[in-house]
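**Q** The structure that follows is given in the form of structure tokens.
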Amino acid sequence: MPTDRVQLYDTTLRDGSQMEGISLSVEDKIGITKKLDELGLEWIEGGFPGSNPNDAEYFRRLREVKLKNAKVSAFGGTRKPGITCAADPNIQSMAAADTPGITLVGKASMYQVREILETSAEENLAMIADTVNYFKGLGKTVFFDAEHFFDGYADNPDYSLQCLATAARSGADALVLCDTNGGMTTFNMLRAIDAIQHRMNDVRLGIHCHNDAGLAVANTMAAVEAGVWQVQGCVNGYGERCGNADILTILANLKLKMGINVVEDEQLARLTEVSN
């Protein structure tokens with residue numbers, strides 16, 4: 001049951017599948033999508049269509065699947081430096097996935113822009129703006145995953161906030177704050193969220209926590225208490241390295257501990273079935 005208070009977003013099929021030992025066939029991904037839909041999640045991140053043939057085939061097969069509760073989002077990065085969205089094959093693969101939602105990951109750290117993208121601060125902002133604008137022009141719901149946001153904020157807060165503001169001005173439906181390295185303490189995370197809310201009080205924020213410090217669920221719950229709208233996670237906390245925030249634990253805590261009716265009672269009763 002959707003709520004304006006908190007939106008549940010599952011990324012098991014993309015981020016969770018990066019866990020060592022997990023290899024999902026197209027049939028697996030379709031079956032998991034149906035189970036997550038039955039659970040009542042609002043968004044399911046289906047995969048990265050530009051990364052491998054399996055994900056591209058999944059999105060083709062998905063067109064024949066009728067979902068009752070969930071919408072599916074295709075994942076991918078902002079356009080590459082120095083080219084247009086129309087000329088970027090990864091952008092075009094996401095458009096071809098024909099999903100209602102697009103989740104764009106973009107650098108929100110000056111260090112990552114300089115050392116990994118090897119481009120300028122200005123070009124990275126242009127990449128964010130161009131790509132969000134491109135998909136909004138196609139009528140998509142766009143979530144901007146601000147990669148390395150918290151580490152970037154600690155190093156250069158003004159630039160990380162510029163990245164968020166650029167995505168917001170370009171029409172992003174939510175700005176998702178990513179603890180990509182999973183090392184953020186709750187106090188420092190909340191301090192960064194508070195700074196965003198003071199500068200941009202009319203945007204919807206999301207949270208995406210990795211579990212390297214063992215705080216992914218706790219940080220996600222604290223972020224919700226601080227006013228974050230969308231929570232991202234994976235079934236059973238699956239994911240690369242130490243995993244992601246466990247969406248099932250979060251879902252149960254939101255409903256039972258915080259009284260936020262993110263799913264119906266009969267859907268909550270399926271947690272064990274979905275976990276298995």
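**Q** Taking amide hydrogens as modeled 1.01 Å from N in the peptide plane, which residues meet the under 5 Å criterion relative to residue 7, leaving out close sequence neighbours?
**A** 230, 231
**Q** Show the residues, 5+ positions off or on another chain, whose built amide H is closer than 5 Å to the amide H of residue 105.
**A** Those qualifying (amide H under 5 Å, at least 5 residues apart or on another chain) are 76, 77, 78, 145.
**Q** Now, a different point. To the nearest 0.05, what FRET efficiency results for residue 133 and residue 63 with a Förster distance of 22 Å applied to their C-beta separation? Display every interim value, and only then the final one.
**A** Working: r = 26 Å, r/R0 = 1.17.
In this case the efficiency is close to 0.30.
**Q** OK, next. Mind listing the phi-derived Karplus ³J(HN,Hα) values for region 42-49, rounded to whole Hz, using 6.51, -1.76 and 1.60 with θ = phi - 60°, and x for any glycine or proline?
**A** 7, 9, 10, 7, x, x, 10, x
**Q** Give me the 1.4 Å probe accessible area per residue for the chain, excluding ligands and nucleic acids, in Å². All intermediate terms of the calculation are to be shown ahead of the outcome.
**A** Values: 11570 Å² over 276 residues.
Per residue, the chain has an accessible area of 42 Å².
**Q** Which shape class applies to the chain: rounded if a/c is under 1.5, otherwise prolate when a/b exceeds b/c and oblate if not, where a ≥ b ≥ c are the square roots of the Cα gyration tensor eigenvalues?
**A** Working: a/c = 1.60, a/b = 1.14, b/c = 1.40.
Oblate, since a/c reaches 1.5 and b/c is not below a/b.
**Q** Which entries of 35/80; 29/80; 68/107 have Cα-Cα distances beyond 30 Å here? Please report the intermediate quantities before stating the final value.
**A** Values: 35/80 35 Å; 29/80 28 Å; 68/107 34 Å.
Violating the 30 Å Cα-Cα cut-off are 35/80; 68/107.
**Q** Along region 34-41, what does the Karplus equation 6.51 cos²θ - 1.76 cosθ + 1.60 (θ = phi - 60°) give for ³J(HN,Hα), rounded to whole Hz, x for Gly and Pro?
**A** For region 34-41, the Karplus curve yields 5, 5, 5, 5, 4, 6, x, 5 Hz.
**Q** Taking 0.36 nm per intervening residue step and subtracting the Cα-Cα distance, what contour gain separates residue 54 from residue 25 on full extension? Don't skip to the answer; put the middle values down first.
**A** On the way: separation 29, 0.36 × 29 = 10.44 nm, distance 0.71 nm.
The residue 54-residue 25 span can extend by a further 9.7 nm.
**Q** Tell me the relative contact order for region 40-85 as a rounded percent, counting alpha carbon contacts under 8 Å between residues six or more apart. Let's see the in-between values first.
**A** Numbers: 44 pairs, mean separation 22.9, N = 46.
After rounding, I find 50 percent.
**Q** Out of residues 5 or more away from residue 203 or on other chains, whose amide H comes under 5 Å of its own, with H placed 1.01 Å from N in the peptide plane?
**A** The answer is none.
**Q** While we're here: What percentage of the solvent-accessible surface of the chain, computed with a 1.4 Å probe over protein heavy atoms, is contributed by carbon and sulfur atoms? List each step's numbers first, then the result.
**A** On the way: 5580 of 11570 Å².
That fraction is 48 percent.
**Q** Could you pull the Rg and Dmax for region 40-178, using just the Cα atoms, both in Å?
**A** Using the Cα atoms of region 40-178, the pair Rg, Dmax is 14.9, 46 Å.
**Q** By the scheme Lys and Arg +1, Asp and Glu -1, what is the net charge of all other residues having a beta-carbon under 13 Å from that of residue 170? Spell out each step's value before the answer.
**A** Values: positive: 79, 136, 140, 169; negative: 130, 173.
Residues close to residue 170 contribute a combined charge of +2.
**Q** Whole-Hz ³J(HN,Hα) for each residue in region 196-209, computed from phi via Karplus 6.51 cos²θ - 1.76 cosθ + 1.60 with θ = phi - 60°, x for glycine and proline: what do you get?
**A** 5, 4, 6, 8, 10, 8, 10, 10, 8, 9, x, 9, 9, 10
**Q** Can you tell me the Rg and the Dmax, both Å, for the Cα atoms in region 56-101?
**A** Reported Rg and Dmax, both Å: 12.4, 41.
The values are calculated or read from the model by the stated rules, or taken from the named source; none is laboratory data. Values in this document were obtained by computation on a predicted structure and should not be read as measured data. We place every Cβ from the backbone using ideal geometry, glycine too, and count neighbours over all the protein chains shown. These area figures cover heavy atoms from the full protein model, side chains too; ligands, DNA and RNA do not enter into them. Shrake-Rupley method; radii C 1.70, N 1.55, O 1.52, S 1.80 Å.
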